[in-house]
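Right, one structure below, let's go through it.
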Amino acid sequence: MLYAFLKTVHLLAIIVWIGGMVFAHFFLRPALAPFEPPVQLRLMHAVLGRFFAAVLVAAGLTLASGGWMIGRVARQVVQSGAAFTMPIEWVVMAALGGVMVLIFGHIRFVLYKRLDLAVISADWPTAAAVLASLRTWVKVNLALGIVIIVITLFGAAS
């Protein structure tokens, strides 16, 4: 029962994180094109602030639930007298998930901080440049998230 609950938490946290990146990149950003740069940048700043707060929680929940589930399976296998070998898709999921968390840390605590300062000071050229860099890293994280999902699903199917 606890395992099912944690797996649900794990999946919901990932849905928030990946789904939010898809929404921001493919729907919100293009919808802002007709607006003046100060309006675009203020709105993206406000939306990203809220989204990054949610991703901070989602990333923590993903790491905690994933680590607990792997540990629980490993403990059960070892207690049964067998040797635990983590499936390759779990290794990929954990490694790339860790990379995603590190990238998110850079996005949230370095790039978003720069965006925050630029928006507060109404330095629109700097804010636009920072947002472009932020968008590049979000694309990388989105690609990694999709790779993790595909590898995990194909591994579970075999």
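Selection within the stretch 8-47: residues that are touching a Lys or Arg at 6+ places or on another chain (Cβ under 9 Å) and not aliphatic (A, V, I, L, M). The member of this set that is nearest to A118 (Cα to Cα) is Q40. Take the conditions (1) of a type in the set (D, E, K, R); (2) surrounded by fewer than 15 Cβ atoms within 10 Å (Cβ to Cβ); (3) more than 30 Å from L115 (Cα to Cα); R50 misses just one of them, which is (3).
The set of residues from the stretch 1-56 being among the aromatic types (F, W, Y), part of a helix (DSSP H, G or I) and either over 14 Å from the mean Cα position of the chain (by Cα) or farther than 28 Å from A129 by Cα (or both) comprises Y3, F5, F26, F27.
The set of residues in the stretch 2-22 that are without any contact (Cβ under 8 Å) to a residue 12 or more places away in the chain and hydroxyl-bearing (S, T, Y) contains only T8. Between G71, G145, G66, which is exposed (fewer than 15 other Cβ atoms within 10 Å of the Cβ) and modelled with pLDDT of 95 or more? Of G71, G145, G66, the one residue that is exposed (fewer than 15 other Cβ atoms within 10 Å of the Cβ) and modelled with pLDDT of 95 or more is G71.
The values are calculated or read from the model by the stated rules, or taken from the named source; none is laboratory data. Everything quoted here is computed from the prediction, not taken from an experiment. Cβ atoms come from the backbone with ideal geometry, glycine included; neighbour counts cover every protein chain shown.
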